[in-house]
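The values are calculated or read from the model by the stated rules, or taken from the named source; none is laboratory data. No experiment lies behind these values; they were computed from the predicted model shown. Every residue, glycine as well, gets a Cβ built from its backbone with ideal geometry; the counts of neighbours run over all protein chains shown. The accessibility values were calculated without ligands, DNA or RNA, using every heavy atom of the protein model including side chains. Shrake-Rupley method; radii C 1.70, N 1.55, O 1.52, S 1.80 Å.
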Amino acid sequence: MKLFKNLYVDGRLFQAVSALVVLFVLGYFYPVVFVVAKALFFVFVAAVAVDAALLFKTREGVFARRAMADKLSNGDENEIRIFLENHYGFKTALTVIDELPFQFQMRDSFYKVALESEAKHVVTYSVRPVRRGEYSFGAVNVYAASPIGLLLKRYRFDNNALVPVYPSYLQLRKYELLAISNRLMDAGIKKVRKIGRTMEFDQVRDYVQGDDYRTVNWLATARRQKLMVNQYQDEKSQQVYCIIDKGRTMKMPFAGMSLLDYAINTSLVMSNVAILKDDRAGLVTFSHKPGILLPAEKRRSQMQKIMEILYNQKTRYLESNFEMLYATVRRQITQYSLLLLFTNFESLSALERQLPFLKSLAKHHLLVVIFFENTELHDLALKPAITTEEVYNKTIAEQFIFEKKVIVKELERHGIQAILTAPENLTVNTINKYLELKARRMI
């Protein structure tokens, strides 16, 4: 309850007033109680006056400041810190309320801190955005209470900030560091044994224990009078395109995010890994009408272009035009490339409508169709069925799950690579497939 500007009452004040009212009511029947109530009333008024004096004698008794990144990472936990300082001459109980963007729908985000005089403290919490776009943070409100604790003084710090939420750059950095240090296996990336040897010769070097004897360069060995071996390297500058379907099937939610956002986050990471592996990364988006086609490059500036394009992508409510996708790719991507198509097929009939265009794409490029498991159906299929309705629902769920597996077999039957994955495993499974195809010298 607000009395006047920046002065509020604490719950304990209401309790004290309630107790006084009860005493005055009893004092009507018992004169002794009335005398006690009167004395306590004067004590109460004095306590309120002293409390107000303690809080308002220091003009800037509390300082607060919010610190956060210039942009937030979609689908990740983003850390936010609030720095607090107590400039009162006594220990203060603080209640901190940060005005969060409406997209988070958090109505109970407050923190209580007790600070000694001239002490500092950092409140740390995290937020997880599930949509890209601009998020507006409001002020930081701090309510200070003296040791008496009957009144509260509000401090409002206008740390207003308009922060964009970008595709998952935190995930991007994670995989980038692992790729640079050759520790991708730490994130679940499989180590794939190379089949044969790549054809790109790198250099002749001294033999070290463990080298394949088949790589011995006998001419160099005879000349140098010591064992020399040929060193080969992975073929470079292959084109890798992430193709993102923005049709209605990608609107389906999982853990608060749409399938489109999972595809966008994975495309960002996959493009970066491809560039780190000396391949060229490009991007294609499409729906019922043409989207964006970014030609494949391996310059570091390419990642900034990809991130800016992905930031603005949204799902449409119509079925995607795969015939138009085929025409666009056939006309603008002339070099044999790896195409990672992120889409979703819920039924075999949905695949059959688009299969002719997928087969045509696979004739000219190495096509990998990546689509999603319906994890809710998996949960339903694992539940024990007791009633007739539950048995019926479980049977339908198992039928849809089986149909997804049939879709994989149908794609593979036509020479199209396929990945059926849960949304949370999308990034790992996509990178695994990319590394597998490179190891098998298919790109």
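Pairs needed: first member in region 13-34, touching a residue at least 12 places away in the same chain (Cβ under 8 Å); second member anywhere, in a loop (DSSP other than H, G, I, E, B); C-beta distance under 8 Å; at least 6 residues apart or different chains.
Within 8 Å, the pairs are L13/L150; A16/L150.
Residue under question is I292, and the condition is that it be closer than 18 Å to I333 by Cβ, without any contact (Cβ under 8 Å) to a residue 60 or more places away in the chain and not in a strand (DSSP E or B); does it hold?
Answer is no for this residue.
Condition first: aliphatic (A, V, I, L, M), open to solvent by 10 Å² or more (accessible area, probe 1.4 Å) and not in a strand (DSSP E or B). Now tell me which residues in region 137-161 satisfy that.
Residues of region 137-161 aliphatic (A, V, I, L, M): 139-140, 142, 144-145, 148, 150-152, 161.
This time we only want the ones that are open to solvent by 10 Å² or more (accessible area, probe 1.4 Å), so: 148, 150, 152, 161.
Of everything in region 137-161, those that are aliphatic (A, V, I, L, M), open to solvent by 10 Å² or more (accessible area, probe 1.4 Å) and not in a strand (DSSP E or B) turn out to be I148, L150.
Can you pull out the residues in region 284-304 that are open to solvent by 40 Å² or more (accessible area, probe 1.4 Å) and touching an Asp or Glu at 6+ places or on another chain (Cβ under 8 Å)?
H288, K298
On the basis of being surrounded by fewer than 19 Cβ atoms within 10 Å (Cβ to Cβ), under 30 Å from the mean Cα position of the chain (by Cα) and within 28 Å of E424 (Cβ to Cβ), does L276 make the cut?
yes
Can you work out which of the residues in region 333-348 that are part of a loop (DSSP other than H, G, I, E, B) and open to solvent by 10 Å² or more (accessible area, probe 1.4 Å) is nearest to E410 (Cα to Cα)?
My answer is S347.
Looking at the structure I just gave you, is F371 open to solvent by less than 20 Å² (accessible area, probe 1.4 Å) and either within 23 Å of I275 (Cα to Cα) or of a type outside the set (A, V, I, L, M, F, W, C) (or both)?
Values: open to solvent by less than 20 Å² (accessible area, probe 1.4 Å): yes; either within 23 Å of I275 (Cα to Cα) or of a type outside the set (A, V, I, L, M, F, W, C) (or both): no.
No.
As an exercise: evaluate V408 against (1) in contact (Cβ under 8 Å) with a residue 40 or more places away in the chain; (2) touching a strand residue (DSSP E or B) at 6+ places or on another chain (Cβ under 6 Å) and give the number of the one condition it does not meet.
If we test V408 against (1) in contact (Cβ under 8 Å) with a residue 40 or more places away in the chain; (2) touching a strand residue (DSSP E or B) at 6+ places or on another chain (Cβ under 6 Å), just (1) comes out false.
Looking only at region 367-394, which residues are of a type in the set (V, I, T), at pLDDT below 90 and either touching a strand residue (DSSP E or B) at 6+ places or on another chain (Cβ under 9 Å) or in a helix (DSSP H, G or I) (or both)?
T375, T388, V391
Out of L358, L351, report the one residue that is in contact with a helix residue (DSSP H, G or I) (Cβ under 6 Å, 6 or more places away or on another chain) and within 18 Å of I243 (Cβ to Cβ).
On inspection, the qualifying residue turns out to be L351.
Give me the pairs, please: first residue somewhere in region 373-394 and in contact (Cβ under 8 Å) with a residue 60 or more places away in the chain, second residue anywhere and surrounded by fewer than 16 Cβ atoms within 10 Å (Cβ to Cβ), beta-carbon distance under 6 Å, and either six or more positions apart or on two chains.
T375/A422
Within region 91-129, can you find the residues that are touching a residue at least 40 places away in the same chain (Cβ under 8 Å), among the hydrophobic types (A, V, I, L, M, F, W, C) and surrounded by 13 or more Cβ atoms within 10 Å (Cβ to Cβ)?
A93, L94, V96, I97, V123, V127, listed by residue number.
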